[in-house]
1. Would you pick out the residues in segment 217-247 that are crowded, with 18+ Cβ neighbours inside 10 Å, more than 20 Å from residue 191 (Cα to Cα), touching a strand residue (DSSP E or B) at 6+ places or on another chain (Cβ under 8 Å) and aliphatic (A, V, I, L, M)?
2. Based on what the data block shows, is residue 103 within 28 Å of residue 36 (Cβ to Cβ) and acidic (Asp, Glu)?
3. Looking at residue 189 and the list (1) of a type in the set (A, V, I, L, M, F, W, C); (2) within 15 Å of the chain's Cα centre (by Cα); (3) buried (at least 21 other Cβ atoms within 10 Å of the Cβ); (4) in a helix (DSSP H, G or I), which single condition is not satisfied?
4. Starting from segment 171-185, take each residue that is among the hydroxyl-bearing types (Ser, Thr, Tyr) and assigned to a loop (DSSP other than H, G, I, E, B) and list its partners that are modelled with pLDDT under 85 and surrounded by fewer than 22 Cβ atoms within 10 Å (Cβ to Cβ), counting only C-beta distances under 9 angstrom and pairs at least six apart or across chains.
5. Scanning segment 192-216 for residues that are in contact with a strand residue (DSSP E or B) (Cβ under 6 Å, 6 or more places away or on another chain) and part of a loop (DSSP other than H, G, I, E, B), which turns out surrounded by the most Cβ atoms within 10 Å (Cβ to Cβ)?
6. Just to be sure, is residue 23 surrounded by 15 or more Cβ atoms within 10 Å (Cβ to Cβ) and either in contact (Cβ under 8 Å) with a residue 12 or more places away in the chain or touching a His at 6+ places or on another chain (Cβ under 8 Å) (or both)?
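The values are calculated or read from the model by the stated rules, or taken from the named source; none is laboratory data. Computed from a predicted model, the values in this text were never measured in an experiment. Backbone-built Cβ (ideal geometry, glycine too); neighbour counts: all protein chains shown.
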Amino acid sequence: MNFSLSQMPERTARPRTYGLTMVMDKGLSMNEVDNFIDVAGPHVDIVKLGFGTSFVTPRLREKIELYQRYGMPIYFGGTLFEAFLIRNQLDDYIALIKDYGIDYIEVSDGSITIPHAEKCGYIEKLTKHAKVLSEVGSKDAEHIIPPYKWIELMRAELEAGSDYVIAEAREAGNVGIYRGSGEVREGLVQEILTQIPGEKILWEAPQKSQQLYFLELLGCNVNLGNIAPSEVIPLEAMRVGLRGDTFSLYLNKDNRL
């Protein structure tokens, strides 16, 4: 930090195991990656090349190598995994991961239907090649998963070897753990947290109101994902109580003016 302030929350430092900020890159240029890391690098833990954008991204290898030079873990969006899987090309996907030196793999079933035991089998298999992030929840707003099922799925995927389970929201933040309006399904979130450790969940939270909800609920070191590159610094300020929304969270009431 640039200067000293009292009554600040204790923020975890990179390399973090919790308090993660996962950023979604949906098509940054090489120059934009340079600028983004120059400004926000210390506050970014993982970068996701969103959905299937890596298939159409020019100079993909150079871009990945650029992130890697900055020591930034990077992975392909879960939609790309599903695209390979539905075409019976899982071995090709593993070869792709190895070829690009990718350290993380997202295993999801938001766009296709995979029997859960089979999904857990993929998780177990892929942990031999990289760290696994597995996503729970459907991208279909009409497909409502009850809380007990979220818990059951998350627990099984962690037991299969996932480092973290991702609570689905899409890049817009309007499905999965959110209603179509973007409002948090609070009962669902709180019930999940009775059974699944919060530090093992990566909550997709692209909207500021969603980020604020989780910061107020779980503190500055909650894992948040699908953050836009331009929102990393504002989010970090909000995490530590230096934005109006969280200004009073960490102040000692006895010592205020």
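1. Across segment 217-247, the qualifying residues are 227, 232, 235.
2. Working: within 28 Å of residue 36 (Cβ to Cβ): yes; acidic (Asp, Glu): yes.
For residue 103, the condition - within 28 Å of residue 36 (Cβ to Cβ) and acidic (Asp, Glu) - is met.
3. The failed condition is (2).
4. Once the first residue is among the hydroxyl-bearing types (Ser, Thr, Tyr) and assigned to a loop (DSSP other than H, G, I, E, B) and sits in segment 171-185, its partners that are modelled with pLDDT under 85 and surrounded by fewer than 22 Cβ atoms within 10 Å (Cβ to Cβ) give 181/174.
5. 205
6. yes
For (1) assigned to a loop (DSSP other than H, G, I, E, B); (2) touching a His at 6+ places or on another chain (Cβ under 9 Å), each residue gets a yes or a no:
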{"residue": "72", "(1), (2)": "yes, no"}
{"residue": "94", "(1), (2)": "no, yes"}
{"residue": "98", "(1), (2)": "no, yes"}
{"residue": "106", "(1), (2)": "no, no"}
{"residue": "110", "(1), (2)": "yes, no"}
{"residue": "125", "(1), (2)": "no, no"}
{"residue": "132", "(1), (2)": "no, no"}
